[in-house]
Structures are given as C-alpha cells and as structure tokens.
Amino acid sequence: MNPMNTEKKPAVSVICLAYNQEKYIAQCLKGFAMQKTDFDYEVLVHDDCSTDGTLDMILSYEEKYPDIITVVTEEENQYSKDVDIYDDIMMPIAQGKYIATCEGDDYWCDETKLQKQYDFMESHPECSLVCHNTLMHDMSKAEPDSPFNGWTEVHRMTEDDVFIGWNVHTSSYFFRRECFGRRDFERRYKIFGDFIELCNAKDYGEVYSLPEIMSVYNFKNPEGLTVVQNQDFKESMKLIEDRIEFLKEYDEYTSHRHSEVIIKRLTMQMNDLKAALGNL
C-alpha cells in the first residue's frame with residue numbers, strides 16, 4: 001500500500017467482525033496487511049467483547065500496522081443486544097468509496113485481491129458488487145477442500161445465482177459504498193445479512209464474480225447428522241419461516257422486480273418447511 005496521506009480518504013474500507021476467534025484471527029489479519037495496491041485502504045476490525053485472546057491479537061496487529069488497521073472495541077457484546085454492527089457501528093466510520101468484507105475466522109490468500117477487485121469496479125460502472133471464487137476448507141477434515149463455484153471466467157451473476165444458489169462467499173464481497181447497507185425492514189433479518197447484501201447489490205446494479213480463488217472459508221462439517229438434526233428443531237423451523245417472510249417483504253419492497261425468481265425460492269423454502277414438519 002502507498003504511504004497513508006492523513007488528509008486523503010482511503011479508496012477501500014475493509015470491515016472485519018471478530019468474536020472469540022483467537023485460533024484464526026492472525027491469519028485473517030495477515031491477509032489484510034499483505035495486500036499490494038496502488039491506492040490507500042483501511043482495515044476496520046470490530047471485536048465484540050471476545051472472552052479469549054482475540055482482542056490481544058488484533059491490538060498487536062494494530063500496533064504493527066497503524067497506518068492500515070484500526071480496532072473498534074466494545075464494553076458489552078453488541079450482537080446479543082440485537083445491534084446491527086455493520087450498519088450502526090462500522091459503516092458510519094468507514095471512509096472508503098468501496099467496502100470489502102471478511103469475518104475473523106476466514107482469510108484472504110491472494111495479495112492482489114483488493115487491487116483486482118478495485119480495477120474491475122473502476123472499469124465496470126454498472127457493477128455494484130464484484131466477488132471471486134473462494135476455497136471451502138472443512139476444518140473437521142470430513143470433506144476435501146473445494147472451490148465455491150466452477151466458474152472459470154468472469155461471470156455475470158443471474159437472478160437465480162443470487163436468490164437461489166449459494167455460489168459466492170462473504171469473504172469475497174467488494175461493494176460500491178452506496179449499495180451497502182440494510183433497509184429498515186431488513187434489519188429484522190440480520191441472520192441473513194450476507195444474502196441480503198447480495199440481493200440488494202443485484203437490485204442496485206450488476207453482480208460479477210472473478211474466477212480466481214482469493215479467499216478461504218473455514219467451516220466445520222456436521223459430523224454424522226444433518227444440519228437440521230444438529231440444530232434445535234424450533235430454531236430450524238424459525239429460520240425457514242423467517243426466510244419466507246423476508247422474501248415476501250423483499251418482493252413487496254422492490255415492487256416485484258424479482259418476483260419470478262423469488263417465487264421459485266419461496267417454493268423451495270415451503271418445500272423445506274413441509275419436509276421438516278413431515279419428519280415430526
């Protein structure tokens with residue numbers, strides 16, 4: 001990164017949310033600090049009152065990279081108070097023209113990631129969000145590592161890709177600032193945050209995905225049981241019901257611009273609900 005001019009706003013703000021991720025946060029922060037760009041960028045890391053060594057690690061990186069990393073701390077856990085950390089805390093202090101995201105247990109593995117996405121956005125004014133491929137890493141080693149999608153060229157994401165498929169990961173998101181954020185009714189569904197941001201980006205403009213794998217998504221594969229069996233049944237049912245309600249409200253709010261694909265997704269969710277009830 002170029003030396004920071006304190007009077008000049010960074011072109012990109014990277015937002016990272018962290019909580020009790022001491023095993024992973026160092027690798028995440030290294031991915032931010034290693035970026036090679038011809039523009040200034042800032043990294044805003046929010047620690048939500050971690051009870052392990054996460055905050056100490058973040059503070060050590062802030063001390064090492066004071067021109068890049070800024071830590072935002074809390075006296076009380078904000079997520080448990082139903083605070084929208086992105087919209088209420090991080091976006092008001094982010095200065096960038098563009099917003100990139102990555103959570104504290106995932107990481108970037110390409111030092112040119114930000115530059116590639118920045119260049120793409122600058123040359124594609126119709127693009128509201130550009131993503132890229134991500135490696136899925138199963139920490140339980142039950143499944144081999146695999147890419148999120150099979151796109152081998154720059155891919156313009158269709159409505160089906162956005163509303164139905166799960167083809168891109170949050171660690172790859174790179175937005176225009178003006179299309180990042182949740183409307184009032186969407187704040188009730190913060191558990192679907194990454195899905196909502198993707199839908200809003202598609203409603204605002206075009207969404208593209210670059211073919212390169214430039215981030216890693218760490219996940220733990222359920223061991224021997226389905227996701228629904230592993231979760232509390234009532235919580236699983238509520239998740240399906242909430243997504244159905246969100247889709248209905250979103251269809252109304254967007255004046256039915258995406259009705260065809262939303263109806264397809266609603267049909268899928270209703271079938272999931274029936275299947276869950278049928279297993280009682």
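The values are calculated or read from the model by the stated rules, or taken from the named source; none is laboratory data. The shown structure was predicted, so the numbers you read here are calculated from the model rather than taken from an experiment. So basically every Cβ, Gly included, is an ideal-geometry build from the backbone, and we count neighbours across all protein chains shown.
Inspection of the range 170-181 identifies no residue that is closer than 24 Å to ARG243 by Cα, free of Cβ contacts under 8 Å to residues at least 24 places away in the same chain and not in a helix (DSSP H, G or I). Considering only residues that are of a type in the set (Gly, Ala, Ser) and modelled with pLDDT of 95 or more, look in the range 206-232 and name the one that is nearest to the chain's Cα centre (by Cα). Of everything passing the filter in the range 206-232, SER215 is nearest to the chain's Cα centre (by Cα).
Only residues that are of a type in the set (Val, Ile, Thr) and either at pLDDT below 95 or surrounded by 18 or more Cβ atoms within 10 Å (Cβ to Cβ) (or both) were counted in the range 94-115, giving 2.
Take the conditions among the polar types (S, T, N, Q), farther than 23 Å from LYS264 by Cα, exposed (fewer than 13 other Cβ atoms within 10 Å of the Cβ) and touching a residue at least 12 places away in the same chain (Cβ under 8 Å) and apply them to THR134. Does it pass? No; evaluated as a whole, the condition is false for this residue. Of all residues being of a type in the set (D, E, K, R) and part of a loop (DSSP other than H, G, I, E, B) in the range 80-93, which is farthest from SER123 (Cα to Cα)? Just the residue, please. Only one residue fits best here, namely ASP82. If only residues of the range 184-216 that are touching a residue at least 40 places away in the same chain (Cβ under 8 Å) and among the aromatic types (Phe, Trp, Tyr) are counted, the one that is nearest to GLU260 (Cα to Cα) is TYR204. Among the residues of the range 40-52, those that are surrounded by 15 or more Cβ atoms within 10 Å (Cβ to Cβ), out of contact with any Ser or Thr (no Cβ under 6 Å at 6 or more places or on another chain) and closer than 17 Å to TYR24 by Cβ comprise VAL43, VAL45, HIS46, ASP48, SER50.
Take the conditions (1) surrounded by fewer than 19 Cβ atoms within 10 Å (Cβ to Cβ); (2) not in a strand (DSSP E or B); THR70 misses just one of them, which is (2).
Looking across the range 94-124 at every residue that is in a helix (DSSP H, G or I) and of a type in the set (Asp, Glu), the one that is nearest to TYR217 (Cα to Cα) is identified as ASP119. Going by the structure shown, is SER146 free of Cβ contacts under 8 Å to residues at least 12 places away in the same chain, more than 15 Å from LYS202 (Cα to Cα) and in contact with a strand residue (DSSP E or B) (Cβ under 6 Å, 6 or more places away or on another chain)? Yes: the conditions hold for SER146. State whether one or more residues within the range 148-161 are of a type in the set (D, E, K, R), in contact with a Gly (Cβ under 8 Å, 6 or more places away or on another chain) and assigned to a loop (DSSP other than H, G, I, E, B). No; the residues of the range 148-161 include none that is of a type in the set (D, E, K, R), in contact with a Gly (Cβ under 8 Å, 6 or more places away or on another chain) and assigned to a loop (DSSP other than H, G, I, E, B).
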